[in-house]
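Below is one structure, written out as structure tokens; the observations come after it.
The values are calculated or read from the model by the stated rules, or taken from the named source; none is laboratory data. It should be emphasised that the depicted structure is a prediction, and the values quoted were computed from it without experimental measurement. Backbone-built Cβ (ideal geometry, glycine too); neighbour counts: all protein chains shown.
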Amino acid sequence: MRLQCFLWTCRFLLMVSTSQSKAASEEQFLDVSIQTFSHAEAPAVKTSKTEPFSKKADPVQAVLASETRLLPMYLRYRLEKSGSFGAVRVLPSLDAGSELKITGQIIKSDGFVLELAIKAVDSTGRIWLDRVFNGTAVSSQTLSADSLAEDDFSQMFGQITTQLKQRATQLNAQQLGMIKSVALLRYGLGLVPAAFATYLDESATGEVNLKRMPATDDPLLKRILDVREKEYQFIDVVDEEYSRFYDAVKPLYDTWRTGERSLISETREASKERGSTKTNGYTSVADSPLELIFNNYAESMQREEWQELGLKEGFTNEIEPTELQTNDSLHRLTGTFEQQYREWRGILAELFALDAK
């Protein structure tokens, strides 16, 4: 049975290699899907006395929302640079057909310290990584002006990348093929559960095993590949938007980090001079809620200075309406990344149902 599965996997990989979404040079690598991060505990936002911003463009919520996109994008660039993975994508929600999916939660982020809970699981349910990473900001410059290496938390993200790279290089051809095969079958399971439920068996612990294989010329499998190709159309749009967002907002986010550290350092020094370890009712400024630190920092700057930095507009950037062509139909998607992605997945499911008739 194992030999049959392995032979099928080899034939299956040959068929998948013809897919336009995968370059030939990436066939020996796993594709990675990174879901936008979440915050472990988003602080309640209080209205500033001076009200430098409207509630719609609250700076605290803007930074919190931006971190959930910026940090996974930075991880994506680090994984791409490692040369150990295929296509690396940041998505607004989990991809059912991910070969390797990564989720992250921001536990702490105050400019000085960044604490992330990172989990990486492949399509077979094998856990690659599940731990909390802690990093302390280190400002640095490189002779090559490498923006990735000069990030304040480059060392911590380097640890994450190294551990994932080590796991990837340990895979043999059979394991790699199995992960890719299961990923596509799980994608099919998400679209038509009744048709693909017989191929996979998921244990109580989340591990997925292959019960049997579909024929390589199965028309249902071919339709799944076609639908997957159409989904990549929207993913390409999301990728472009996230990249544009990263380029525009990352410098502003770095400015915010620097300002946070400056404010915390100055307040700590002021506390020492007063002979007290308490500031604003907290044992240390570093333990104060993000909204308190941010509001203090915001009030220390003039409104014009904030507008010049572009924080108000940059941190609240949203995706533009997207138009995608499928066969003879033109679809216009509106709303946030998440809303457009859900709408597009619904359209694909409908197209698959029509093709199957």
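Below is a table of values for the structure above.
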read-out	value
Pairs where the first residue, in the stretch 222-248, is within 16 Å of Ser98 (Cα to Cα) and surrounded by 14 or more Cβ atoms within 10 Å (Cβ to Cβ) and the second is at pLDDT 85 or above and small (Gly, Ala, Ser), C-beta under 7 Å, 6+ apart	Ile224/Gly188; Arg228/Gly97
Flag for Tyr253 being closer than 20 Å to Thr124 by Cα, of a type in the set (Phe, Trp, Tyr) and modelled with pLDDT of 80 or more	no
Residue match in the stretch 166-179 (condition: in contact with a Gly (Cβ under 9 Å, 6 or more places away or on another chain) and either of a type in the set (D, E, K, R) or surrounded by 18 or more Cβ atoms within 10 Å (Cβ to Cβ) (or both))	no
Subset of the stretch 80-95 [among the hydrophobic types (A, V, I, L, M, F, W, C), part of a loop (DSSP other than H, G, I, E, B) and over 17 Å from Leu184 (Cβ atoms)]	Phe85
Output for the stretch 198-220, where each listed residue is modelled with pLDDT under 85 and among the aliphatic types (A, V, I, L, M)	Ala204, Leu210, Met213, Ala215, Leu220
Given (1) closer than 19 Å to Asp95 by Cβ; (2) at pLDDT below 75; (3) buried (at least 18 other Cβ atoms within 10 Å of the Cβ), number of the condition Thr336 does not satisfy	(3)
